[in-house]
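S.K.: One structure, as structure tokens, below. Some questions next.
The values are calculated or read from the model by the stated rules, or taken from the named source; none is laboratory data. Predicted, not measured: the structure shown is a model, and the values here were computed from it. For neighbour counting, all protein chains shown are included, and Cβ atoms are generated from backbone atoms with ideal geometry for every residue, glycine included.
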Amino acid sequence: MSNSRNFTARSVILSVLLGLTPPKLPVSMIVRTTELFNISEGTTRTALSRMLKNKELKVSGNDYELASVKHLQRQVRQLESLKPKYKIWDKNSWVLAVVTQSNRNPTERALLREDLKFHKFGELKEGVWLRPDNLEENYIKDHKHLSWFKSIPEDDHNKLCGKLFKIKAWNSTSLTLTEQIKGLTSFMEAGDTTRLKDSFIIMAKTLRHVQDDPLLPEEFLPKDWVGVELREIYFRFDKLFRNLMAAWFLTEDTAKPLI
């Protein structure tokens, strides 16, 4: 299992809050969670103070709650990635987005690229983005720097998808994550709290990974595609994890459970 060197107090706090609806917890539970990564209470409280100062968090009653628009949008995106919304595809039409304004600063350019990637568009060349028209339309249609077109590519659609999206690489990582989750499931079912940290890490990795699923029509996916299976196994594992975390919290007489 992956090590936890990249998990700072701040990253653990963000990860646990991003996984909750609403995204808030009392400080006692936050401290208990960071303890999984051998992060001291003092270090955690210092991180909380800095996050309050930076307006990443706010105090809500007895809880700390996500406050920044960036993090709240990220949470929405996580949920959307776990439950994508498809529509019937006519097997021909693609959506084409063309950047039509050049007077953008570097921040605007970066944000637009991030937004297009999140909405599952692939970049054909600079300023030209497209994908099969099999997803429900959303707010990015109103973006002031883009013009939109429906198109039917004359190039081979499979080859075009292969050029635009990292299909094989995404699926390879998905297969690995699926096996890792399966390997931890028996420990969760047995109530083994010694694997909570490993479970936390694999869930965080899976949440990040599913956001890169191109959500293509079945025609363009390999036969061993595990996008649907990965999401299904994640939801089952998430329930096991939350139940075990709740029991683990209560052994220390801390407040309410996570679920």
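S.K.: Filter the stretch 117-129 for residues that are under 27 Å from Glu154 (Cβ atoms) and either touching a Lys or Arg at 6+ places or on another chain (Cβ under 7 Å) or crowded, with 20+ Cβ neighbours inside 10 Å (or both) and give the result.
M.R.: Answer for the stretch 117-129, where residues must be under 27 Å from Glu154 (Cβ atoms) and either touching a Lys or Arg at 6+ places or on another chain (Cβ under 7 Å) or crowded, with 20+ Cβ neighbours inside 10 Å (or both): His119, Lys120, Phe121, Gly122, Trp129.
S.K.: Test each condition in (1) touching a residue at least 12 places away in the same chain (Cβ under 8 Å); (2) surrounded by fewer than 18 Cβ atoms within 10 Å (Cβ to Cβ) for Lys141 and report the one that comes out false.
M.R.: Failing condition for Lys141: (1).
S.K.: Could you please give the count of residues in the stretch 218-237 that are in contact (Cβ under 8 Å) with a residue 60 or more places away in the chain and surrounded by 17 or more Cβ atoms within 10 Å (Cβ to Cβ)?
M.R.: Qualifying residue count, the stretch 218-237: 3.
S.K.: Being part of a helix (DSSP H, G or I), modelled with pLDDT of 90 or more and crowded, with 18+ Cβ neighbours inside 10 Å narrows it down to one of Leu48, Leu52, Leu25, so name that one.
M.R.: Testing whether each residue is part of a helix (DSSP H, G or I), modelled with pLDDT of 90 or more and crowded, with 18+ Cβ neighbours inside 10 Å leaves just Leu48.
S.K.: In addition: With the structure loaded, tell me whether Val99 is among the β-branched types (Val, Ile, Thr), surrounded by 15 or more Cβ atoms within 10 Å (Cβ to Cβ) and at negative phi or whether it fails that test.
M.R.: yes
S.K.: Scan the stretch 194-233 residue by residue and report those that are over 20 Å from Phe37 (Cα atoms) and touching a Leu at 6+ places or on another chain (Cβ under 7 Å).
M.R.: Scanning the stretch 194-233 gives His209, Val210, Leu215, Val226, Leu230, Arg231.
S.K.: From the list Thr100, Thr107, pick out the single residue that is touching a Ser or Thr at 6+ places or on another chain (Cβ under 8 Å) and at pLDDT below 90.
M.R.: Thr100
This table checks each residue for (1) charged (D, E, K, R); (2) free of Cβ contacts under 8 Å to residues at least 40 places away in the same chain.
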{"site": "Lys85", "(1), (2)": "yes, no"}
{"site": "Ser93", "(1), (2)": "no, no"}
{"site": "Leu96", "(1), (2)": "no, no"}
{"site": "Ser102", "(1), (2)": "no, yes"}
{"site": "Pro106", "(1), (2)": "no, yes"}
{"site": "Glu126", "(1), (2)": "yes, yes"}
{"site": "Leu130", "(1), (2)": "no, yes"}
{"site": "Glu136", "(1), (2)": "yes, no"}
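S.K.: Of the numbered conditions (1) out of contact with any Leu (no Cβ under 8 Å at 6 or more places or on another chain); (2) within 20 Å of Leu79 (Cα to Cα), Ser49 fails exactly one; give the number of that condition.
M.R.: The failed condition is (2).
S.K.: When residues of the stretch 69-88 are filtered for being more than 15 Å from Asp212 (Cα to Cα) and assigned to a helix (DSSP H, G or I), how many remain?
M.R.: 5
S.K.: Still on this model: Go over the candidates Thr176, Thr185 one by one and state the one that is out of contact with any strand residue (DSSP E or B) (no Cβ under 6 Å at 6 or more places or on another chain), without any contact (Cβ under 8 Å) to a residue 24 or more places away in the chain, over 24 Å from Ala9 (Cα atoms) and polar (S, T, N, Q).
M.R.: Checking each option against the conditions leaves just Thr176.
S.K.: Being outside the structural domain of Asp192 (by TED's automatic domain parsing), within 22 Å of the chain's Cα centre (by Cα) and either in contact (Cβ under 8 Å) with a residue 12 or more places away in the chain or at positive phi (or both) is the requirement here; does Leu48 meet it?
M.R.: Judged against the criteria, Leu48 is not a match.
S.K.: Take the stretch 69-94 and flag every residue that is over 22 Å from Glu56 (Cα atoms), hydrophobic (A, V, I, L, M, F, W, C) and surrounded by fewer than 14 Cβ atoms within 10 Å (Cβ to Cβ).
M.R.: Scanning the stretch 69-94 gives a single hit, Ile88.
S.K.: Could you list, in sequence order, the residues of the stretch 159-175 that are exposed (fewer than 13 other Cβ atoms within 10 Å of the Cβ) and of a type outside the set (A, V, I, L, M)?
M.R.: Selection gives Lys159, Lys163, Lys168.
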